[in-house]
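**Student:** Can you read through this structure? Questions will come right after.
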Amino acid sequence: MPAAMPSTRPVPVPNPIFINSSDEPLYPVRSHFRINWTQPGSKDKTMASLITCPHCGVRPKEEFTIRGDASLVRPAPTASDETWHDYVYVRANPRGRTLEHWQHAGGCRRFLVVERDTFTHEVYSVTDGAAFARENGK
């Protein structure tokens, strides 16, 4: 029986999208996990492929999972329902430098605090989560 022939149909290219009324459209660029939208001729906006774990050293980004915003402050147990609702459900989506909780799930399994840029995905610093909590009184 002959081997199955691969499909020769062309892959449809989605229409470009425009963000913030920009004149330059964004086109899809496939990466390993998802489609990233980039401007033609610009540097690829995918995350850096290596992250420096304070315990394990330089490791690939696929070993880490993002757990959420590290700058949130938990309200007091006696806080109003509205305050708790905002803490649990309402999140800002800032553009620029942010602090995030990450877990090194494929390595030491420790929680880390990563400072990175949400637009360029550049990683500025990686700190152990326990050391970050001691320094910031959390």
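**Student:** Counting only residues that are of a type in the set (A, V, I, L, M), closer than 11 Å to I66 by Cβ and part of a strand (DSSP E or B), which one in segment 98-118 is farthest from the chain's Cα centre (by Cα)?
**Tutor:** Among them, the one singled out is L112.
**Student:** Quick one: what pairs do we get from segment 123-138, first residue farther than 21 Å from A76 by Cα, second among the acidic types (D, E), C-beta under 7 Å, 6+ apart or different chains?
**Tutor:** Y124/E115; S125/E115
**Student:** Please enumerate the residues belonging to segment 90-125 that are out of contact with any Lys or Arg (no Cβ under 8 Å at 6 or more places or on another chain), surrounded by 15 or more Cβ atoms within 10 Å (Cβ to Cβ) and among the hydroxyl-bearing types (S, T, Y).
**Tutor:** Within segment 90-125, none qualify.
Values quoted throughout were computed directly from the atomic coordinates according to the rules given, and no laboratory measurement underlies them. In this text, all values refer to a predicted model and were calculated from it rather than measured experimentally. Because the Cβ atoms are built from the backbone with ideal geometry, glycine has one as well, and the counts that use them run over all protein chains shown.
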